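No value in this document is a laboratory result; all are computed from the given coordinates. Because the structure is a prediction, the values reported are computed rather than measured. Positions of Cβ are generated from backbone atoms using ideal geometry, with glycine treated the same way; all protein chains shown enter the neighbour counts.
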Amino acid sequence: MNRSLGLSDVGRIRAHNEDAFRSNDGLGLFVLADGMGGHLAGEVASNMAVEMVVGRYTELAENHRVGLGLDEPEELSDGGRQMVHLIHLANKAIYESAQQNPNQQGMGTTIVALLLEKDRAVYAHLGDSRIYLFRGGELIQLTRDHSLVQEQLDRGLISQAEARKSEMRHVVTRAMGIEPEVDVSVGEELVRSGDRFLLCSDGLTDLVEDSEIREVLAVGGEDLTPLAQRLIDLANARGGKDNVTVILVETTGPQKQQGILESIRDWFARLFQRG
């Protein structure tokens with residue numbers, strides 16, 4: 001069981017919203033994309049991404065065909081394999097559309113996708129949109145940005161403070177629609193009752209610190225709307241330089257007890273997640 005809330009705002013500067021999101025609470029699938037490209041092509045790419053992944057997954061689930069006949073990594077669940085496969089298909093469709101339509105050339109999009117299955121969360125991403133997990137007062141960034149600035153951070157070339165001010169912070173190293181094939185980063189996490197997941201575009205994280213996100217997500221209550229709105233308001237209060245989109249998901253099922261071995265396994269899984 002889970003509940004979710006998604007909100008998107010154009011911000012204070014942009015004329016159009018090139019972010020997109022779509023959810024299916026019944027299937028536990030949540031997808032967010034941040035498009036890029038001129039002539040509104042970014043809006044086209046992000047909407048293609050979320051519609052293809054969620055729409056097609058929903059169709060397959062209704063026909064009990066999730067995970068059938070796939071070549072995706074066997075260590076993933078059927079649902080996880082299907083989600084990654086659909087991201088690959090959406091990438092190809094966006095790429096081909098851009099090649100065939102001059103007004104769409106160069107369009108692309110980030111993507112973050114979260115699938116909640118029984119006691120597990122499977123997540124996949126491309127680009128610098130993020131997924132966070134809030135648990136027990138701690139905020140954990142599950143995804144790792146595919147960006148030039150993240151690579152510089154990993155190599156010790158710049159500090160976190162320098163990264164936030166870098167003119168290169170929006171240069172992504174992986175995205176949907178730019179190449180015919182793409183390497184999707186995937187991870188898994190054991191889920192516990194009361195976990196809160198945040199999917200967000202960089203319109204939030206460029207302007208709002210992780211510590212502030214943690215404070216917002218720590219607020220209790222069943223209604224997630226004020227929390228999502230608070231995050232958007234924080235970004236807009238600091239200039240709203242980009243579109244900002246958030247999806248909040250809270251698990252409400254039976255509490256899963258986690259032993260020490262599972263805790264260690266989860267820690268290593270996050271440390272060495274694929275991609």
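Between the labelled values (1) 17.8, 55; (2) 17.4, 52; (3) 18.5, 52, the entry that holds Rg and Dmax of the Cα atoms in Å as derived from this structure is (1).
Each peptide in 109-118, 231-240, 59-68 gets a packing score, the mean of other Cβ atoms within 10 Å over its residues, and the list from highest to lowest is 109-118, 231-240, 59-68.
What is the chain's relative contact order, in percent, from Cα pairs under 8 angstrom and six or more apart in sequence? Computed over the chain, the figure is 25 percent.
For the chain, modelled as a GNM whose springs connect Cα atoms under 10 angstrom apart, the maximal fluctuation among E96, E250, E212 occurs at E212. Remark on K241: its backbone amide H falls under 5 Å from those of R12, a criterion applied only to residues 5 or more positions apart or on other chains, H modelled at 1.01 Å from N. Less than 5 angstrom separates the built amide H of E117 from those of V122, all sequence-distant by 5 or more or on a different chain. For segment 14-20, the Karplus equation 6.51 cos²θ - 1.76 cosθ + 1.60, evaluated at θ = phi - 60°, returns couplings of 5, 8, 10, 9, 9, 7, 8 Hz by residue, with Gly and Pro reported as x.
When you restrict to C-alpha pairs under 8 Å that are six or more residues apart and normalise by the size of segment 64-207, the relative contact order lands at 29 percent.
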